[in-house]
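Asker: Quick one: structure below, then a few questions.
The values are calculated or read from the model by the stated rules, or taken from the named source; none is laboratory data. Predicted, not measured: the structure shown is a model, and the values here were computed from it. Cβ placement follows ideal geometry from the backbone for every residue including glycine, while neighbour counts extend to all protein chains displayed.
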């Protein structure tokens with residue numbers, strides 16, 4: 001039951017190792033509270049405080065690091081091309097390196113503080129203490145906006161029905177977004193108010209743009225950290241309740257296999273490799289003690305399983321599928337296209353629950369989400 005699941009070929013990147021290295025320096029607050037002790041309102045208040053602090057710090061960093069590049073650009077505007085742009089390129093490169101380093105630290109500190117709010121260390125030993133899906137690795141990837149490892153766990157391929165993203169292109173598009181925002185804003189100001197506003201060059205407007213995008217990134221990082229940490233806590237709690245109520249002992253061998261098919265197909269349907277689903281998958285693999293691959297991501301086999309098990313077991317599997325599908329905090333087009341096929345006549349019972357659970361997770365309502373994560377043998 002407590003065997004550690006070995007994930008093949010899972011090696012953290014250099015940036016992920018950088019994040020893990022710095023996470024170890026943050027002081028751990030050994031509080032005795034349980035992950036579900038705080039109300040949703042209090043959790044929201046605490047997370048919002050972390051977000052605002054992160055946005056403020058990232059804005060200050062943006063101003064301090066971008067100001068020298070603008071000053072050099074303005075000050076050397078009348079100088080020869082090589083002198084002007086040579087100095088500008090050098091100062092810009094140094095400023096970007098310093099800014100990224102400081103932003104990484106701010107993001108790492110922010111996600112760490114979120115984990116301290118819900119006291120994730122208290123349950124860390126219960127589930128995947130080591131490896132790329134441990135709390136520390138998840139936090140590092142979230143803070144640095146790194147992709148999760150593209151692995152096949154128990155033969156499940158999350159990208160079975162989607163082409164893989166080109167992360168380099170996505171990164172360049174993000175940088176291009178900041179550049180284009182600056183370019184468009186500058187040209188609008190040049191066309192409307194001229195080269196200066198009250199004697200100040202319009203180029204300094206880039207400071208506002210930099211603050212805006214840094215704030216957007218920090219907010220996104222904190223919200224994603226909240227979603228991942230809440231999913232981690234919920235997966236653990238679901239497993240505890242299933243164990244406590246001895247539900248798995250009531251399942252036939254086919255239904256037990258169906259549990260992993262329910263989660264595996266939800267992973268594929270989401271069209272992403274969100275760790276919340278992987279954590280839930282591995283947790284149930286441990287509970288069921290199923291070690292071999294058995295086409296857990298085969299949609300047709302999952303549908304056949306639902307037709308073959310008893311009505312009560314079908315309800316349990318649909319509960320698990322619903323929870324799994326909601327665990328990344330959003331619904332993909334592929335999920336919406338196939339929900340009627342899997343729910344059939346019970347669609348009016350399960351779909352509203354799926355929508356509500358997804359919304360609770362997205363907006364950080366942990367306790368409300370827990371109420372909708374209950375697994376039983378009753379439809380809906």
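Asker: Is there any pair with a first residue in the stretch 104-119 that is farther than 10 Å from residue 22 by Cα and a second that is at pLDDT 85 or above and not in a helix (DSSP H, G or I) whose Cβ atoms are under 9 Å apart and which are 6 or more apart or on different chains, and what are they?
Answerer: Within 9 Å, the pairs are 117/38; 118/38.
Asker: Check residue 256 against each of (1) buried (at least 24 other Cβ atoms within 10 Å of the Cβ); (2) out of contact with any strand residue (DSSP E or B) (no Cβ under 8 Å at 6 or more places or on another chain) and name the one condition it does not meet.
Answerer: Status for residue 256: all satisfied but (1).
Asker: Looking only at the stretch 336-350, which residues are touching a helix residue (DSSP H, G or I) at 6+ places or on another chain (Cβ under 6 Å) and surrounded by fewer than 17 Cβ atoms within 10 Å (Cβ to Cβ)?
Answerer: 340, 347
Asker: Related question: Looking at the stretch 234-251, is at least one residue touching a residue at least 60 places away in the same chain (Cβ under 8 Å), touching a strand residue (DSSP E or B) at 6+ places or on another chain (Cβ under 6 Å) and assigned to a helix (DSSP H, G or I)?
Answerer: No, there is no match, as no residue in the stretch 234-251 is touching a residue at least 60 places away in the same chain (Cβ under 8 Å), touching a strand residue (DSSP E or B) at 6+ places or on another chain (Cβ under 6 Å) and assigned to a helix (DSSP H, G or I).
Asker: I'd like to check something: does the stretch 275-283 contain any residue that is more than 20 Å from residue 236 (Cβ to Cβ) and crowded, with 24+ Cβ neighbours inside 10 Å? Don't jump to the end; show me each part of the working.
Answerer: Residues of the stretch 275-283 more than 20 Å from residue 236 (Cβ to Cβ): none.
Checked against the condition, which is being more than 20 Å from residue 236 (Cβ to Cβ) and crowded, with 24+ Cβ neighbours inside 10 Å, the stretch 275-283 yields no hits at all.
Asker: Does the stretch 42-62 contain at least one residue that is surrounded by 13 or more Cβ atoms within 10 Å (Cβ to Cβ), modelled with pLDDT under 85 and assigned to a helix (DSSP H, G or I)?
Answerer: No, because not a single residue in the stretch 42-62 is surrounded by 13 or more Cβ atoms within 10 Å (Cβ to Cβ), modelled with pLDDT under 85 and assigned to a helix (DSSP H, G or I).
Asker: Let me ask another. What tally of residues in the stretch 75-93 results from selecting those that are part of a helix (DSSP H, G or I) and surrounded by fewer than 16 Cβ atoms within 10 Å (Cβ to Cβ)?
Answerer: Total satisfying the criteria: 9.
Asker: Hey, another quick one. Kindly list the number of the only condition in (1) within 14 Å of residue 315 (Cα to Cα); (2) more than 23 Å from the chain's Cα centre (by Cα) that fails for residue 374.
Answerer: (2)
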